[in-house]
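First comes the structure, then the notes that go with it.
Rule-based calculations on the coordinates, nothing more; no lab input. Please read these numbers as outputs of a predicted model, since none were measured by experiment. When we count neighbours, we look across all protein chains shown, and the Cβ atoms used for this are built from the backbone with ideal geometry, even at glycine.
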Amino acid sequence: METDLRRATSTVYQALFHCLAKSCADALVGRKVTETTETEWRRVYLALDPHSARQACTRPAIASFPENIRGIARLFVESQDRRHAADRDPHGEWFKSEVQDRIATARQAIQAFEDADARAKRAFAVHLLFGVER
């Protein structure tokens, strides 16, 4: 059971990370991937580095983004911390209700982020990938 809870904690983080990577690629290359844009889309998707993304999500400039973007940024950082604990802390305590809450919170944050304005998501993609302050 504990192993399952640790794995679920890691999966929450992965879902958030891949949501951000996909959003970067969609914002900079386009949502409709064609034969001619597939390579570029994949390059942008793979360009998002977890360490750099964390730094971008904690920079002061994040305050200028809408709440649905600030929310996923906060949750991304928190989830990365929890994932590291799940992977590396042998004495950590894991509770089913807490993990279930994190899953539900991540789903809500992803949905709110997906509903964000396209221009704000594009600016956030640039912020994540290039560290450009707004």
So what's the angle, to the nearest 10 degrees on a 0 to 90 scale, between helix 67-88 and the longest Cα principal axis of the chain?
40 degrees
Only counting other Cβ atoms within 10 Å, I'd like 46, 75 sorted with the fewest neighbours first.
46, 75
GNM on the chain, Cα springs under 10 Å; top mean-square fluctuation among 83, 119, 74 goes to 119
Report, to the nearest 10°, how far helix 118-130 tilts away from the longest principal axis of the Cα atoms in the chain, using its own Cα long axis and a range of 0 to 90°.
70 degrees
Return 23, 97 ranked ascending by Cβ neighbour count within 10 Å, so the fewest neighbours appear first.
97, 23
Relative contact order of segment 2-130 (C-alpha contacts under 8 Å, at least 6 apart) in percent is 43 percent
Which angle from 0 to 90°, rounded to the nearest 10, does the C-alpha axis of helix 38-47 make with the longest principal axis of the chain?
50 degrees
Shape box of the chain [Cα atoms, principal axes, largest first, Å]:
46, 35, 24
Which lysines, if any, have their Cα less than 23 Å from the Cα of residue 22, not counting same-chain residues under 8 positions apart?
32, 121
